[in-house]
Amino acid sequence: MGHNVAQKLIATHLLSGDMTAGQEIALRIDQTLTQDATGTLVMLELEALDLDRAHTEVSVQYVDHNLLQTDSKNAEDHTFLRSACHRFGLWYSKPGNGVSHPTHMQRFGIPGKTLAGSDSHTPTAGSLGMLAIGLGGLEVAMAIAGEPVYLRMPEIWGVRLTGELPAWVSAKDVILEMLRRHGVKGGVNRIIEYHGPGLAHLTAMDRHVIANMGAELGATTTVFPADDQVRDFLRAERREHDFVELLADADASYDVTDEIDLSSLEPLIALPSSPGNVVTVREVAGRQVDQVVVGSSANPGLRDFAVVAAIVSGRQAHPRVSLDINPSSRQILQDLTKMGATFTLISAGARLHQSGCMGCIGMGQAPANGRNSLRTVPRNFPGRSGTREDSVFLCSPETAAAAALTGQITDPRDLPHRLGIDYPHLELPAESSVNTAMLEPPPLARADQAELVKGANISSLPGFPPLPDRIEAPVALKVGDDVSTDEILPAGARVLPYRSNIPKLAEFTFAQIDEDYVGRAHACRGSGHIVVGGANYGQGSSREHAVIAPRYLGLRMVLAVSFARIHWQNLANFGVLALEFTDPDDYHRIEQGDVLVLDGLRHAIASGGTEITVRNTSRDQQYSTRHRLSDRQIAMLLAGGLIPWLRERKSSRSSQPPASHDVR
């Protein structure tokens, strides 16, 4: 039987394990991607690992999140990151050069390669036929050091595309349709692979949109074939020499199947406050809109901005609406300007911002309380915009432009008869404005002695003790289903500047859910504390800060109905026990403040069993729970996390007598 694209990518990079769903596998990593909101910790981890120089083919550090410089903190982070690139041999993408995902696709993406990134939207590069996986920063640091990436072999979910998108419908509506059908947990432990005749009508940047938001389905990654559309993209970027055809075999099969007729789709929109809360635009048309934001990694292509410019051309945005434009890369801004589209947008009343994530991550452009904001970004978790009580909708550029003109949610298919606007047919340049001036290559020579420049806001990684044999601790917080890492550790202009200062960052932990959590955690610092969660705990961003900050406050265990993949891995990486209820109904029997006890814990985990009994001494109850840790993760957990485990291994190896060698 033939292989699909995902299987081919995995097979050519498989270092250990076998491609059986659920089994742990180890993959060789060719490229890595880090961004400034997570990269500062990655560079501190490389320092802790005593790395000499990056062992990958390409590693790139982007500065695209912490762009607002309201004081010295973000600027100091940028200086530190640049010095770390010199020290460890990474490319450095300067502030303003662009969002990591489209910029990496333009300059470094190569079909057939693997990419590990400390950003949950790293799977975007699957649009080029890459195997791209979002991970916690520590795992990316290990990949930079030449170590494999470990994960559970996912199922391969084949989605067959037929037909062609109709007017006023675009790639964003494809992924919103997937979310409408399957929700934010539909892709958990799966790789989504798109195939079928409909692919011929989707450009590489269209595929970028779809692959980017596969993360919102909870998928491990998304892959597309490397076909003529990918060749055309690389040719436009003057990198056709990097093209490698990668197609599924004619008799390839999939573990799970689905099909979408592109011609049947209509404009869709995700309501507040989840990417999975999707309805048709017609169902909510007429609701007042006060802000429209265009840009981000979810809709980053030249076409996404140009279509908005074409729709608003010769008109003014509604007087009540703030139309915010975040160019996704310096290169795309150049192309947009050459086309005259930048002038068109400014003439229509648009506010032009930096090339970066900006409003998507809550770095500026926060909406007013109680006012609807339509955005082309990938996420609308509560408070992510920077406004605690926000009302953010996710939509396509066409729907965003329609709302900007009318001041209300409007199906863009109604624009011809409402405003006399015909569907624009765009003529995009055949060749991009390739500009590498803001990309600094790694030093050619070894730079082991290069100085790491650390400002006052950059602290060292905290050390954590090994897992104890007994945990007796209170439940400091109980939360519901689908709690995101944005809610565990928020982003935004108030918090992001402290990304490299764990003691200060920890003060914001769970602030979106319960402002008293930090105080309770401090109160039980001696015993530690426990968090109880519902299903899909830790969805969303890959930020390992959402583990390190509560761990710094004394978190010893999270007991949940189920976990999102990256957060579950991050918990093990930093020595926090992640347990799942054997009976999900037991979740309802525990309340905040209850004291839970686990005895003989180290033996129970090390013995190879997966079942662990948790006693609730406050209610005289006990619960059956289980872990899903591999032998490798168990060893890490017992040591207190990945870094202490590596130190133990290094110490053990150095204490062994050298092997004898025959001289022949």
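Every number here is computed from the coordinates shown, using simple stated rules; none is lab data. This one's a predicted model, so the numbers in the text were calculated from it and none came from an experiment. Reconstructed Cβ throughout: ideal geometry from the backbone, glycine too, with neighbour counts over all protein chains shown.
Some notes on this structure:
- Label point at residue 422 placed 7 Å out along Cα→Cβ; residues across the stretch 137-179 whose backbone nitrogen lies under 18 Å: 166-169
- Cα centroids of the stretch 27-45 and the stretch 353-388: 25 Å apart.
- DSSP-loop trypsin sites (Lys or Arg not before Pro) across the stretch 205-294, with at most 15 other Cβ within 10 angstrom: 238, 287
- One way to sum up the overall shape of the stretch 244-337 is the equivalent ellipsoid from its Cα gyration tensor, whose semi-axes run 32, 22, 13 Å, largest first.
- The count of lysine pairs in the chain that are at least 8 places apart or cross chains, and whose C-alpha atoms lie under 28 Å apart, stands at 18.
- Net +/- balance of residues flanking residue 479 in space, Cβ distance below 9 Å, scoring K and R +1, D and E -1: -2
- The stretch 471-650 pair-distance distribution - Cα-Cα, 10 Å bins, rounded %: 10, 40, 38, 11, 1
- With the simple spin-label model, which puts each label point 7 Å out from Cα in the Cβ direction, the residue 249 to residue 28 separation comes to 2.1 nm.
- At full extension, residue 343 and residue 18 could sit 111.6 nm farther apart than now, given 0.36 nm per residue minus the alpha carbon distance.
- With the convex hull drawn over the C-alpha atoms of the stretch 268-418, the volume per residue is 90 Å³.
- The base-10 log of I(q)/I(0) for the chain, evaluated at q = 0.07, 0.08 Å⁻¹, reads -0.43, -0.57 [Debye formula, identical scatterers on Cα atoms, solvent excluded].
- Within the chain, longest stretch free of exposed GluC sites (Glu not before Pro) [DSSP loop, at most 15 other beta carbons within 10 Å]: 246-388
- At most 10 other Cβ within 10 Å, DSSP loop - trypsin sites (Lys or Arg not before Pro), the stretch 384-467: 446
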